[in-house]
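Undergrad: Structure incoming, see below.
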Amino acid sequence: MMGDEKKLRKRRKGFLSRLIRVLFFRKISAKIGIYGPPNAGKTTLANRIIHTFVDENIDIGISTEIPHETRRAVRHEGILIDLKAKSSPYRACGVVGRSPTVQNPYLNAIPNSPPSSTQRLQEAKAKLKIDIVDTPGLATKIDFHDFMAYGLDEAEAKKRAKEATEGVIEAIKWLDDIDGVVLLMDSTEDPYTQTNIVIIGNLEARGIPMVIAANKIDLVDASPQRIIDAFPQHPVIPISALKGDNMEDLYEEMARDFR
Amino acid sequence: MEIKMDLISEDKIISMTSIEKLRFVLDGVKAGKIVILEGGLTSEEQMKLIELTMTEVNEDFPGIEMSGYPSKKGFLNLRRKTRLTVVGPARVMRTIRRDRDLISALISAI
């Protein structure tokens, strides 16, 4: 029982210190972790965010069909999520050599005239500066035989399995420094897995805000509704990180929840 | 091949510290047993169990399969009441269906 009381005190202390940090020591940039099981599309989402708001030619990592491709957490700092850039009368300074009609509306947005104080206030609400942390996939088991099924030889598969276990530990450790989480789930898979439940339980206990992104809605057997039904207490945004479908909704939810 | 199953009472679990619980579970699972904990592990303990498991994964022990009922919110939503957790060796146990109040697992000896 003593252990329970200690845990409760720790949780309350964690909540209080978080509240004090939010009120008095607000960070300029929030660290947002992209979490989820292997092959949910975490790196694809991280790349999509960077392509949209930073540079279309920069990748945070490589996405392949082999699970645990990301075995080290990778952080990209200072991403400005600017939702006003798309709808307000901005002119975009596009990427060199591209036609203005195909420019990414979020990139390098500069207003035509100096904004008024009301406009500045609205813009501030629509902007969010974040560091994106692409984390290795969380799993309870890593069998080197699974990698051999993708054509890796035994030595390479064992090496990858070892690195993958280290990656899982690293992803868990990162939770201590994360301000918000985009929890990515594969819409074609059963969302009610222990890994998803453990992540959600931990984020709730630590008071870390989260948005669930139901990824891969471009696939025919996708069922984002299963994820919505499984976790009704959290916002769930159906997306396709690969095709870029519904990304605006995710950015809006991130701007709301991670401020 | 026989598979051993340990059903641990809540009284025994309460008397252990977090790390004792995790060590007890992981040692049992590594020995090939399926461990069922009445009262279960908290989300934080389950995350620590995943972390501990990853430090011990090797060619013979690829990890664990874990299932449990989600915890219930307790007094003033502050204290969470855990319910039941089942942990087994990944090579032997596979969860085939689960929801809030039902766990269906397949146990197969190789």
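Undergrad: Which values, in whole Å and largest first, are the semi-axes of the equivalent ellipsoid of the range B:4-87 obtained as the square root of 5 times each eigenvalue of the Cα gyration tensor? If you can, show how the numbers build up before the last one.
TA: Details: eigenvalues 106, 38, 24 Å².
After scaling each eigenvalue by five and taking roots: 23, 14, 11 Å.
Undergrad: Need one value for A:129-141: mean number of C-beta atoms belonging to other chains within 10 Å of its residues' C-beta atoms. Numbers along the way, then the final one.
TA: Numbers: counts 0, 0, 0, 0, 0, 0, 0, 0, 0, 3, 6, 13, 13.
The per-residue average across the peptide is 3.
Undergrad: Still on this model: Which three semi-axes in whole Å describe the equivalent ellipsoid of the range A:118-218, each the square root of 5 times a Cα gyration tensor eigenvalue, listed largest first? If you can, show how the numbers build up before the last one.
TA: Numbers: eigenvalues 214, 49, 46 Å².
Equivalent ellipsoid semi-axes, largest first: 33, 16, 15 Å.
Undergrad: What GluC sites (Glu not before Pro) does the range A:52-83 have in DSSP loop regions with at most 10 other beta carbons within 10 Å? Don't jump to the answer; show the numbers that get you there.
TA: Working: sites: A:Glu56, A:Glu65, A:Glu69, A:Glu77; in loops: A:Glu56, A:Glu65, A:Glu69.
Counting only loop positions with at most 10 other Cβ atoms within 10 Å, the GluC sites (Glu not before Pro) in the range A:52-83 are A:Glu65.
Undergrad: Moving on to the next point. Check which residues have an amide H placed less than 5 Å from B:Ile64's amide H, if you skip close sequence neighbours.
TA: Answer set, sorted by chain and number: A:Lys141, B:Ala90.
Undergrad: Sticking with this one: Taking neighbour Cβ counts within 10 Å as the exposure measure, how do B:Leu41, A:Leu80 sort from fewest upward? Could the numbers behind the result be given before it?
TA: Details: B:Leu41 24, A:Leu80 14.
In order of increasing Cβ crowding within 10 Å: A:Leu80, B:Leu41.
Undergrad: Are there GluC sites (Glu not before Pro) in the range B:1-39 that DSSP puts in a loop and that have at most 14 other Cβ atoms within 10 Å, and which ones? Can you show the working numbers first?
TA: Values: sites: B:Glu2, B:Glu10, B:Glu20, B:Glu38; in loops: B:Glu2.
Sites meeting the loop and neighbour criteria: B:Glu2.
Undergrad: Sort A:His76, A:His145 so the one with the fewest other Cβ atoms within 10 Å of its own Cβ comes first. Could the numbers behind the result be given before it?
TA: On the way: A:His76 20, A:His145 12.
Ordered from fewest to most neighbouring Cβ atoms within 10 Å, A:His76, A:His145 come out as A:His145, A:His76.
Undergrad: Right, something else. Work out, step by step, the length gained on full extension between A:Asp176 and A:Ala155: first 0.36 nm times the residue separation, then minus their alpha carbon distance; give nm to one decimal.
TA: Details: separation 21, 0.36 × 21 = 7.56 nm, distance 3.34 nm.
Taking A:Asp176 through A:Ala155 to full extension adds about 4.2 nm, to one decimal.
Undergrad: Tell me which residues come under 5 Å, amide H to amide H, from B:Ile34 once H is placed; ignore anything under 5 positions away on its chain.
TA: B:Lys4, B:Met5, B:Asp6
Undergrad: Okay, next question. At a 10 angstrom cut-off on C-beta neighbours, averaged per residue, how do the peptides A:44-51, A:210-217, A:169-176 rank from highest to lowest?
TA: On the way: A:44-51: 22.5, A:210-217: 25.6, A:169-176: 17.0.
The packing order, highest mean first, is A:210-217, A:44-51, A:169-176.
Undergrad: How large is the dipole of chain B about the Cα centre if only Lys and Arg carry +1 and Asp and Glu carry -1, each at its Cβ, rounded to the nearest 20 debye?
TA: On the way: 18 positive and 16 negative charges, 107 e Å.
Computed charge dipole of chain B: roughly 520 debye.
Undergrad: List the relative contact order of chain B as a percent without decimals, with contacts defined as Cα pairs under 8 Å and 6+ residues apart.
TA: Relative contact order here is 27 percent.
Undergrad: Here is a further query. Going through the cross-link list B:Lys12/B:Lys72; A:Lys31/A:Lys158; A:Lys31/A:Lys216, which pairs have a Cα-Cα distance over 30 Å in this structure?
TA: Among B:Lys12/B:Lys72; A:Lys31/A:Lys158; A:Lys31/A:Lys216, the Cα-Cα distance tops 30 Å for A:Lys31/A:Lys158.
Undergrad: Now, a different point. Would you list which aspartates and glutamates come within 15 Å of B:Lys33, measuring only between C-alpha atoms, while excluding same-chain residues fewer than 8 positions from it?
TA: Straight-line reach from B:Lys33, under 15 Å: B:Glu2, B:Asp6, B:Asp60, B:Glu65.
Readers should treat all values here as calculations from the given coordinates under stated rules, not as data from a laboratory. Source: prediction; values computed, not measured. With ideal geometry, Cβ positions are generated from the backbone for all residues, glycine too; neighbour counts draw on all protein chains shown.
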